[in-house]
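To start, the structure under review is shown below, and the notes come after it.
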Amino acid sequence: MKKVLIVGAGLAGSYMAYAMGKKGYEVSVMEKRPDPRKTNYGSGRSINLVVSHRGWTAFAYAGIEEAIREIVVPAYGRQIHDLEGNETFFQYNIEGKAIHSISRSELNKTLVELAEALPNVTVTFDAFCEHVDFTTGTAHFSVSGEKIRMQADLIVGADGAGSSVRGAMMKQPRFNYSQDFIDSGYKEVHIPAAEDGTPQLNIDALHIWPRREFMLMGLANTDNGFTGTVFAPFGGEYGLDHLPTGKDGMRYFEKYFKDAIPLIPDLEEQWENNPTSALACIRCNPYHWAGNTMLIGDAAHATVPFYGEGMNGSLEDVRVFLELLDEHGDSDMNAVLDRYTELRVPAGNALVDLSLRNFIEMRDLVADPSFQLRKRIEQKVQKNHPEKWTPLYTQVKFTNIPYHEAKAEGERHDRIMEQILAMENIQERWDSDEVEKEVLRLLEEMV
């Protein structure tokens, strides 16, 4: 058996440990944080995750889909809350398919337990990676004050946005890296179930309170509560930097999210005690080095959470790599890793771009009448011509089309719909055959 060393036991790392262990590799996982089953290190800053088709494909590949389905809650569309408290539901797609909300901590615990149950997988916590030597395929760790040196045939950097493995790569010539913080951050507020245990909001929806430059979002949990997250700029009168106290948070909600206040009985306490966190995008190239080291997940392409695809893209990294192993074997790891980088770098870059784009859509556009009209036109065209028109959201969430290909098709749709929405009297005749024919004509024209 060949030895695999995975640095990081987060979602991507623990999933890869299980999948590689099932293939017979001897897998060691080293995680700098404490055991997630014994401490809640993500409290107050978790941001619920969404499992899309890509995530389910990865779970199915590893044979653990059913285990994960036990801890998810489906969402079939967006429930939009306006300033007056009115609500509007928009289905995600015409087939009625759902995305699935999942607690990061619950998923992490489940994946770690699955990995540790395999006899050829070991997981060590409180183990900080200090150095990686690519020439010898070794990594150096500090574990409870003790220095440990480990050698492996493959070292995997699954250690997140602050990756130590990537840090070692960044010291090498011709390794490209960039990090950009966006001007918005986030703060979590928990919306509990009602006293009788029932959900206070529509459990079948992702809830959004869009307010142009900022928003509140709510995703369901298995206990019928919701994890709410405020995404907002740091600066300005109602910027997160200027709302430090619970009373500041209440004043903010009274102005912009009044209908949410009754849902959160301890709003002031949560607002004051839960941390305010920053959001960054990371890009790098390549995703491997020296034929013995690779990056997956946030270590390779950390993104903002507005498409809910960070986890799915990370799991897809692992699945694509494992499928390359299935196809080519591990006798020439250089060739496998070269191909991995070739496939995943454009996908990772596109995922970052798509996530930033969806922030604008969720924050600014979902309540805009022109945007809603565009969605109605798109749904009609898709219903009548599914082989010709697949909306960007459907491509990202409900297929395995590479992110960069979905992005390119989405940009083509943007150009088409810009012309359609500029048509005379489009508000009155959007449902006409004439408009549908024009969409199809432009599809043929804008190849």
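Laboratory data are not the source of any read-out in this text; all were calculated from the coordinates shown. The structure displayed is predicted, hence computed values, not measured ones. Ideal geometry is used to build each Cβ from the backbone, glycine not excepted, and the neighbour counts take in all protein chains shown.
Placing pseudo-labels 7 Å out from each Cα toward the beta carbon at K383 and N425 gives an inter-label distance of 2.3 nm.
3J(HN,Hα) couplings calculated from phi for region 28-39 with the Karplus curve 6.51 cos²θ - 1.76 cosθ + 1.60 (θ = phi - 60°) are, in sequence order, 10, 10, 10, 10, 6, 8, x, 4, x, 7, 10, 8 Hz; Gly and Pro show x.
When the C-alpha to C-alpha distance is required to be over 19 Å, the pairs from K187/K407; K32/K147; K375/K407; K38/K187 that qualify are K187/K407; K38/K187.
Express in nm, to one decimal, how much length is gained between E444 and D338 on full extension, taking 0.36 nm for each residue of separation and deducting their alpha carbon distance. Don't skip to the answer; put the middle values down first.
Values: separation 106, 0.36 × 106 = 38.16 nm, distance 3.58 nm.
Net length gain for the segment: 34.6 nm.
Considering only Cα atoms, the convex hull volume of the chain works out to 161 Å³ per residue. For region 289-303, backbone phi angles converted through the Karplus equation (6.51, -1.76, 1.60; θ = phi - 60°) give residue-by-residue couplings of 8, 6, x, 9, 9, 9, 10, 9, x, 4, 4, 9, 8, 4, 9 Hz, Gly and Pro being listed as x.
Can you give the percent of C-alpha pairs in region 368-445 whose distance is more than 13 Å? Display every interim value, and only then the final one.
Numbers: 1984 of 3003 pairs.
Result for the distance tail: 66 percent.
Entry note, the chain: relative contact order of 17 percent, from Cα contacts under 8 Å with a spacing of 6+ residues.
Efficiency by 1/(1 + (r/R0)^6): what FRET value for T136 and T222, r their Cβ-Cβ distance, R0 = 35 Å, to the nearest 0.05?
On the way: r = 46 Å, r/R0 = 1.30.
Between T136 and T222 the formula returns 0.15.
Site-free segments of the chain were taken between GluC sites (Glu not before Pro) in DSSP loops having at most 15 other Cβ atoms within 10 Å, sites themselves excluded; the longest one is 238-386.
Extension gain for K2-A408 works out to 142.2 nm (0.36 nm per residue, less the C-alpha to C-alpha distance). Please list, by residue number, everything in region 87-117 whose backbone N is under 12 Å from a paramagnetic label point 7 Å out along Cα→Cβ of D204. The answer is 89-92, 96-98.
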